[in-house]
Amino acid sequence: MTVGNGTPDRPGGPDIPDELAHHCLDLLSDVSRTGRLLRRAELERLRELGERGAEAGHGLRDLVGTCLGATRAAWQSLPGPTAVTAAELRRIGDAVLTATQAALGALGEGHERAQRMAVRQEEANRRELVNDLLHGRSDLGRLAERAERFGLRLAAGYTVAVAVAAEAYLEGSPAAHRVLRELTGRFDDRTLLLVARDGRLVCIASDGEQAVLTAFTDLALRPGPGYLPALRVATGRRHAGTGGVVRSYEEALGTLEYAERLGLPAKRLRAEELLVFPVLMRDRAAMADLVRTVLGPLTTARGGARPLLETITVQAEAGYVNAETARRLGLSVRALGYRLERIHALTGYDPADALHRYTLETAVMGARLLEWPEQPLCPQ
């Protein structure tokens, strides 16, 4: 349905402007004789004409111009009473102008009603398309055909970014609406799709539109005062074809999950930066065995394994500079040295040795992904 573009899409149908002009003249002729107000049924007829005009592609300005033009052309010949006094002329003129104002208001209501319905239908179709793209379970040929209506060529490459916040993103929520308004104001809406899904905000950008994803990330993380900021935004890798969207989406979701489980401080994440973790977790039994073998002895330390696991993590983040590690942990360098000695003594792995460091770091990452020691490891 085309609305407001000035091009009728009903060949052979009624000429809305002519019908509107005749209807306005009939109403105003009667008003000029009686001085009455427009009736409810007459106003509803005008709303219907406004709605039909919008559906046929006529802009509101054109319809208002038609109504006013017809009124102006017939002003001198309106069949009012043969008034001879100025008071009677003013009364008739006031009645006609009041009726004209009411008629234009009803006409505008009908036109706006059609516009709102068209926008809602467009939004519903877009949401349905995005959901089907992210599910990846619809008929691919039909999905590609529907996407083309929005200017999307699924044979091209697409990248998906996903934002999560402390509160769920809802369709039409202020934060989601803010991001959508800003993005569509800057970019062609045929190069992006934005939808709230499962409490997250999802942006799908077409090939070559890295600027869209950058803007989406910036807006989600810093939407402005009074809007809910995102905690993290993860971007999947670019994939082509009808299944490319769902692959990129799943990568973005996986990246968010790993970042949450690992407690990563970064707010901007890319799937390619965390590819090592899906590889590590591909064999959970082997990872559990690594954690059990390398880190299991730490559970016998005074205070449990948690402080020593934290020490390994923070030391790696500090680039194995002991003074910086001690500062981040709130320890003296001497106390840190004691912890490192305990790790070496209990595990047999020396944090000062490069190969041992890699094994310890990998085991600690696996422990965080498996939520150990809070959760028991799978049996051997």
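The values are calculated or read from the model by the stated rules, or taken from the named source; none is laboratory data. Predicted model only: the values in this text are computed from it and were never measured. All Cβ positions, even for glycine, are placed from backbone atoms using ideal geometry, and neighbour counts span all protein chains on display. In case anyone asks, the SASA skips ligands and DNA or RNA and just uses the protein heavy atoms, side chains included. Shrake-Rupley method; radii C 1.70, N 1.55, O 1.52, S 1.80 Å.
The alpha-carbon atoms of segment 194-291, seen along their principal axes, cover 47, 35, 22 angstrom, with the largest extent given first. One Cα centroid belongs to segment 285-338, the other to segment 242-282; the line between them spans 25 Å. Remark: accessible surface ordering of M365, M117, M287 (largest first) is M117, M365, M287, probe radius 1.4 Å. For segment 12-57, the pair-distance distribution built from all alpha carbon pairs, in bins 10 Å wide starting at 0, is 25, 51, 21, 4 percent.
Across every pair of different alpha-carbon atoms, what Kirkwood hydrodynamic radius in Å does segment 277-365 reach?
Values: mean 1/r = 0.0752 Å⁻¹.
It works out to 13.3 Å.
Between E44 and K267, the FRET efficiency from the beta-carbon distance, with R0 = 51 Å, is close to 0.45.
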